[in-house]
Amino acid sequence: MPMYEAFEHQKVTTDFINENSRCLITSDPGTGKTRSVLDAIVNRGTRTLVLAPLSILEASWGDDIEKFTPELTYAVAYAKNREQAFLGTEDVVITNHDAVKWIVKNYHVLCGFDTLVIDEFTAFKNKDSQRSKACRKIAEAFTNRIAMSGTPNSNGILDVWHPTLIVDDGERLGHRFYSFRSSVCTPRFNGFANEWVQKDDAEEVVAAALSDINIRYELTECIDMPEQTVSAMYVTLPKKIRKQYEGLVVDSVLYTDKATVNAVHAGAKVKKLLQICTGAVYDEYGEVVGIHNERYDLVMQLVAERKHSLVAFNWKHERDQLANTATKMGISYGIIDGSTPVNKRKEIVDRIQAGQLQVVFCHPQSAGHGLTMTKAKTVIWASPTYNAEHYQQFNRRIYRAGQTEKTEIIQIAARDTWETDVYEKLEGKVERMDDLLGILNKLNPK
């Protein structure tokens with residue numbers, strides 16, 4: 001009997017993997033997909049390659065192997081020891097998504113592997129990226145293929161096509177992307193080019209096609225989860241900043257007391273508008289032009305009122321302002337972003353779980369997958385993200401197995417700005433994603 005008995009839904013998922021050489025696991029974040037896969041690897045007894053986000057190679061996969069399946073040996077392959085790890089004898093080799101480009105050039109290292117596991121398969125949704133093409137190529141060397149994601153279609157139904165192609169060689173959604181797009185979307189001219197809009201029955205069509213290789217569980221049907229609430233809090237832009245904000249809405253140049261910041265096209269303009277809301281913009285030299293910081297006073301007031309929180313930021317100047325304010329207030333904190341070493345990330349996660357940190361400031365792309373920080377009960381978005389996958393995944397760092405108390409998500413926005421629109425669009429993307437996941441859940445062969 002294992003020290004940590006698997007939940008019933010995890011056992012069913014493990015059986016499904018063992019019965020299917022190709023499968024998609026789209027269960028919610030926090031349902032313990034990794035445990036199910038590891039138990040299947042033990043049963044299968046074949047050498048396995050795991051592709052996962054860099055931040056969770058050890059913090060999630062390594063720790064879970066040691067906790068749940070200590071009979072498995074494993075090696076974590078970073079750039080400095082990659083070939084040595086592949087040519088070793090460990091049962092499982094764990095490496096990051098971008099390593100596929102190196103593997104293609106060193107194809108011989110796949111000799112002896114039989115099972116491929118792709119954690120967070122949305123990393124390979126762009127069919128034209130070098131990473132996606134490389135993953136498609138190396139997948140051909142594996143008899144067994146498992147792809148996992150709790151947010152498979154964060155930006156639309158088209159995200160599902162290429163990861164599915166990697167798993168089943170085009171058997172279910174077809175070999176040609178443009179044929180698939182035409183079958184589930186219709187073109188609409190937006191004044192510049194065709195925009196592809198999902199057909200009303202797109203989710204049903206895709207879900208039906210994937211039903212035999214997909215298994216999915218919702219978190220709330222597996223575990224009795226405490227309530228989670230979502231609320232918004234607003235700050236008001238100072239008059240001077242409001243004038244600059246509105247000037248950029250109609251003009252393409254922002255004038256400040258310190259510098260002139262050019263917005264070369266509509267997308268850049270929106271980004272500059274959002275940056276103004278957060279308290280700074282970057283000039284053409286990459287330097288921060290300070291504007292205002294009332295927002296951070298609100299964020300840190302919320303942090304000070306709570307025992308443990310996570311705060312999501314999107315830009316470096318946000319991170320720095322939050323850290324500086326926390327230091328002045330005597331609040332213990334950690335930072336997880338692209339500059340945080342992997343071993344440091346694990347240390348920060350361990351410290352907040354032990355109650356030693358009051359807050360962790362996180363970039364959602366760096367801390368949005370696989371990490372468990374259930375000691376925190378609040379996620380505060382210091383500014384919005386356009387990426388629905390990052391939004392949902394980061395919120396699930398506190399809303400997952402092991403959480404025993406009510407949790408809350410707080411969205412910070414400046415009144416009457418693009419930020420409120422971004423949150424609305426974000427919720428729309430999450431709703432579309434939930435539509436497909438709901439249908440997959442009904443068709444799930446449990």
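The values are calculated or read from the model by the stated rules, or taken from the named source; none is laboratory data. This one's a predicted model, so the numbers in the text were calculated from it and none came from an experiment. Positions of Cβ are backbone-derived with ideal geometry, glycine not excepted, and every protein chain shown enters the neighbour counts. The area values use the complete protein model at the heavy-atom level, side chains included, leaving out ligands, DNA and RNA. Shrake-Rupley method; radii C 1.70, N 1.55, O 1.52, S 1.80 Å.
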Of (1) of a type in the set (A, V, I, L, M); (2) free of Cβ contacts under 8 Å to residues at least 24 places away in the same chain; (3) in contact with an Asp or Glu (Cβ under 7 Å, 6 or more places away or on another chain), residue 87 satisfies all except one. Which?
(3)
Scanning the stretch 305-320 residue by residue, those open to solvent by 10 Å² or more (accessible area, probe 1.4 Å) and closer than 15 Å to residue 381 by Cβ turn out to be 306, 314, 315, 319
Out of 143, 95, I need the residue that is surrounded by fewer than 15 Cβ atoms within 10 Å (Cβ to Cβ) and either closer than 13 Å to residue 166 by Cα or β-branched (Val, Ile, Thr) (or both). Which one?
143
Taking into account only those residues within the stretch 14-27 that are touching a residue at least 60 places away in the same chain (Cβ under 8 Å) and open to solvent by 10 Å² or more (accessible area, probe 1.4 Å), which is nearest to residue 217 (Cα to Cα)?
16
Among the residues in the stretch 102-118, are any charged (D, E, K, R), outside any helix (DSSP H, G or I), at pLDDT 95 or above and closer than 20 Å to residue 168 by Cβ?
yes
Of the criteria (1) open to solvent by 40 Å² or more (accessible area, probe 1.4 Å); (2) touching a residue at least 60 places away in the same chain (Cβ under 8 Å); (3) assigned to a helix (DSSP H, G or I); (4) within 25 Å of residue 423 (Cβ to Cβ), which one residue 366 fails:
(1)
Of all helices (runs of 4 or more DSSP H) fully inside the stretch 151-246, the set with 2 or more residues that are closer than 30 Å to residue 32 by Cα is 161-168, 202-210, 219-222
Restricted to the stretch 73-92 and to residues being in contact with a Leu (Cβ under 7 Å, 6 or more places away or on another chain) and not charged (D, E, K, R), the residue modelled with the highest pLDDT is 92
Residue check: is residue 133 closer than 25 Å to residue 28 by Cα, open to solvent by 30 Å² or more (accessible area, probe 1.4 Å) and free of Cβ contacts under 8 Å to residues at least 40 places away in the same chain?
no
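This table checks each residue for (1) crowded, with 22+ Cβ neighbours inside 10 Å; (2) over 21 Å from the mean Cα position of the chain (by Cα).
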residue: 82; (1), (2): no, yes
residue: 88; (1), (2): no, yes
residue: 102; (1), (2): no, yes
residue: 108; (1), (2): no, yes
residue: 113; (1), (2): no, yes
residue: 118; (1), (2): yes, no
residue: 126; (1), (2): no, no
residue: 129; (1), (2): no, no
Does the stretch 396-408 hold any residues that are in contact (Cβ under 8 Å) with a residue 60 or more places away in the chain and open to solvent by 10 Å² or more (accessible area, probe 1.4 Å), and which are they?
396, 399, 400, 401, 403, 404, 405, 406, 408
The lone condition residue 30 fails out of (1) part of a helix (DSSP H, G or I); (2) touching a residue at least 40 places away in the same chain (Cβ under 8 Å) is (1)
All but one of (1) in contact with a strand residue (DSSP E or B) (Cβ under 6 Å, 6 or more places away or on another chain); (2) among the polar types (S, T, N, Q); (3) at pLDDT below 85; (4) closer than 30 Å to residue 9 by Cα hold for residue 194, so report the exception by its number.
(4)
Residue count, the stretch 53-76 (criterion: without any contact (Cβ under 8 Å) to a residue 40 or more places away in the chain, in contact with a strand residue (DSSP E or B) (Cβ under 8 Å, 6 or more places away or on another chain) and farther than 16 Å from residue 99 by Cβ)
3
Report yes if some residue within the stretch 261-280 is surrounded by 16 or more Cβ atoms within 10 Å (Cβ to Cβ) and at pLDDT 90 or above; otherwise report no.
no
Can you tell me which residues in the stretch 12-51 are of a type in the set (Lys, Arg) and under 25 Å from the mean Cα position of the chain (by Cα)?
22, 33, 35
Do the conditions hold for residue 202, that is, is it farther than 30 Å from residue 408 by Cα and either open to solvent by 20 Å² or more (accessible area, probe 1.4 Å) or free of Cβ contacts under 8 Å to residues at least 12 places away in the same chain (or both)?
no
Is one or more of the residues making up the stretch 42-49 open to solvent by 20 Å² or more (accessible area, probe 1.4 Å), free of Cβ contacts under 8 Å to residues at least 60 places away in the same chain and either charged (D, E, K, R) or touching a Cys at 6+ places or on another chain (Cβ under 9 Å) (or both)?
no
Is it the case that residue 237 is open to solvent by less than 60 Å² (accessible area, probe 1.4 Å) and farther than 30 Å from residue 19 by Cβ?
yes
Pick from the stretch 172-190, criterion touching a residue at least 12 places away in the same chain (Cβ under 8 Å) and open to solvent by 30 Å² or more (accessible area, probe 1.4 Å), ranking: nearest to residue 143 (Cα to Cα):
172
